[in-house]
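*Asks:* Below is the structure I would like to discuss, written out as C-alpha cells.
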Amino acid sequence: MTTSENKRLIKTRFGKEVEITDKNLVTIKDGLLGFETYESYAVIPHGDESPFLWLQSLDEPQLAFITIDPRIFAQDYVPNFSENELSSIELTSISEAVLLAIVVIPDDPKLMTANLQAPIVLNAKNRQGKQMISSSQEHKVRHYILGKNGEPPEKK
Amino acid sequence: MLVLARHLNESIIIGDDIEIVVVSVQHDQVKLGIKAPRNISVHRKEVYDEIQRENRLAADARGDLSKGAELLKQRFKDEKNQ
C-alpha cells in the first residue's frame, strides 16, 4: 500500500455516498448487542457544526447509528468496566478510552436520549471498540441529553 | 432446557472453563458466583435485553438529526448566558 489514507467511497444510511479513509474505520468486537454480525464500521462526523458522529456499517448501508461523545453533556461521566473487559480491546484503563454513546433521536428531537449504560468504548490506537455495559447503576440506557441530570426535559 | 438441582456451595461447569457456584439462597433470591474466562461477558438478562432493544430503536429512529444538533447548541448557549 503506497498511501496510508486508502480513500474510498461508501454507501450510507443517511442518503449519500461518503468518502472515508482508514482513519475512519473501527472494528466493534462482537458487534453491537442485537447486531452481532456487524463488526466493521466507519465513524463519520455529521457536520462541522454538529456534535454527532455517524457510526456507519461497512457491510450494510442501511445500518447506521448516531453517536456522541457523552462528556459533551455529562462532564463527570465515568462508566465502570472490569479490567478483563477493557483488556479485550487492549486497554488497561478507562482513562485511555474514547467513548461514544449511542443516541436515539425520536420524532420530537427534544426528547433525544443517549445510552450511558452501554457506551461504545474505543481504543484509538488499534481502532478496536466494544459495546460495554457499565456496572454503575446510575448510568441510564435513556439519558435525556437536553434534560437536567438525564431526566426528561421540562415541558414549556 | 436442562434442569439441575444444586445445594449451597455446589456448582456446575459449562464447557471446560465456566463455573457457576450457588453462593447463597434466601427466600426467592439466589446468589450465584461465576468464574469465566475474560473473553466471556456475563450480564443480568434483563439488562442485556434492554440494551439490545435500545440498539434496535437507535438503528430505526429517524428523528431530525440537524434539529437535534441545533437544540444541543442552543442549550450550551443558554447555559453560558446563565
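*Asks:* With every protein chain left in place, what is the accessible area of A:R142 in Å² (1.4 Å probe, nearest 10)?
*Replies:* Around 110 Å² of this residue is reachable by solvent.
*Asks:* Report the A-B buried area as the accessible area lost on both sides summed, probe 1.4 Å, in Å² to the nearest 100.
*Replies:* 3000
*Asks:* Could I ask something else about it? Within 13 Å, Cβ to Cβ, of A:P119, how many net charges do the neighbouring residues add up to if Lys/Arg are +1 and Asp/Glu are -1?
*Replies:* Summing Lys and Arg as +1 and Asp and Glu as -1 gives 0.
*Asks:* Need one number: nm distance between label points at B:D60 and A:L25, each 7 Å from Cα along Cα→Cβ, rounded to one decimal.
*Replies:* Going by the 7 Å Cα→Cβ label model, 3.2 nm.
*Asks:* Can you compute the modelled spin-label distance between B:L32 and B:D78, with each label point 7 Å from Cα toward Cβ, in nm?
*Replies:* For the pair B:L32/B:D78, the computed spacing is 4.5 nm.
*Asks:* Please work out the average accessible area per residue across the protein assembly as shown, using the 1.4 Å probe convention, and give it in Å².
*Replies:* Averaged over the residues of the protein assembly as shown, the accessible area is 62 Å².
*Asks:* Now for a different question. Nearest 0.05, what FRET efficiency do A:T37 and A:K7 give at R0 = 22 Å with Cβ-Cβ as r?
*Replies:* 0.25
*Asks:* Could you tell me the number of lysine pairs in chain A with C-alpha atoms less than 13 Å from each other, where the two lysines are 8 or more residues apart or belong to different chains?
*Replies:* 6
*Asks:* Please arrange A:E19, A:E49 by accessible surface area, largest first, computed with a 1.4 Å probe and ligands excluded.
*Replies:* These residues rank, largest area first, as A:E49, A:E19.
*Asks:* Return one number: the angle in degrees, 0 to 90 and rounded to the nearest 10, between the long axis of the Cα atoms of helix B:45-60 and the longest principal axis of the Cα atoms of chain B.
*Replies:* It is inclined by approximately 30 degrees.
*Asks:* Using helices alone, what [θ] at 222 nm do you get for chain B, with -39,500 (n - 2.57) per DSSP H run of 4 or more residues, divided over all residues and rounded to the nearest 500?
*Replies:* Calculated mean residue ellipticity at 222 nm is -13500 deg cm²/dmol.
*Asks:* Right, something else. Would you list A:K110, A:K130 from the most to the least accessible area, probe 1.4 Å?
*Replies:* Heavy-atom accessible area, descending, gives A:K110, A:K130.
*Asks:* When the C-alpha atoms of the range A:23-78 are aligned to their principal axes, what extent does each axis show, in angstrom, from largest down?
*Replies:* Taking the Cα atoms of the range A:23-78, the three principal extents are 32, 26, 20 Å.
*Asks:* Suppose R0 equals 30 Å; then what is the FRET efficiency for B:I18 and A:E96 from their Cβ-Cβ distance, rounded to the nearest 0.05?
*Replies:* Once the sixth-power term is evaluated, E becomes 0.55.
*Asks:* What does a probe at B:N39 reach in the range A:91-120, counting residues whose amide N is under 19 Å from the point 7 Å along Cα→Cβ?
*Replies:* A:91-92
*Asks:* So what are the ³J(HN,Hα) numbers for the range A:59-67, from phi and the Karplus equation (6.51, -1.76, 1.60; θ = phi - 60°), rounded to whole Hz, Gly and Pro as x?
*Replies:* Couplings: 8, 9, x, 7, 9, 8, 10, 8, 10 Hz.
*Asks:* Further question on the same structure: Looking only at other chains, what is the average number of their beta-carbon atoms within 10 angstrom of each beta-carbon in A:109-120?
*Replies:* The mean count of partner-chain Cβ atoms within 10 Å per residue comes to 4.
*Asks:* Based on the Kirkwood radius over alpha-carbon pairs, what value in µm²/s does the Stokes-Einstein equation return for the translational diffusion coefficient of the range A:14-156 at 4 °C and 1.567 mPa s?
*Replies:* Translational D for this selection: 83 µm²/s.
*Asks:* Given the -39500 (n - 2.57) contribution per DSSP H run of 4+ residues, what per-residue ellipticity at 222 nm results for chain A, rounded to the nearest 500 deg cm²/dmol?
*Replies:* About -500 deg cm²/dmol.
*Asks:* Just to verify a number: FRET efficiency for A:N84 and B:Q52, C-beta to C-beta distance, R0 = 30 Å, to 0.05?
*Replies:* Between A:N84 and B:Q52 the formula returns 0.90.
*Asks:* The range B:43-82 to the range A:45-83: how many Å between their Cα centroids?
*Replies:* Comparing the Cα centres of the range B:43-82 and the range A:45-83, I get a distance of 10 Å.
The values are calculated or read from the model by the stated rules, or taken from the named source; none is laboratory data. Just so it is clear, the model here is predicted, and its values are computed rather than measured. Cβ coordinates were reconstructed from backbone atoms using ideal geometry, including for glycine residues, and neighbour counts include every protein chain displayed. Keep in mind that these areas ignore ligands, DNA and RNA; they rest on the heavy atoms of the full protein, side chains included. Shrake-Rupley method; radii C 1.70, N 1.55, O 1.52, S 1.80 Å.
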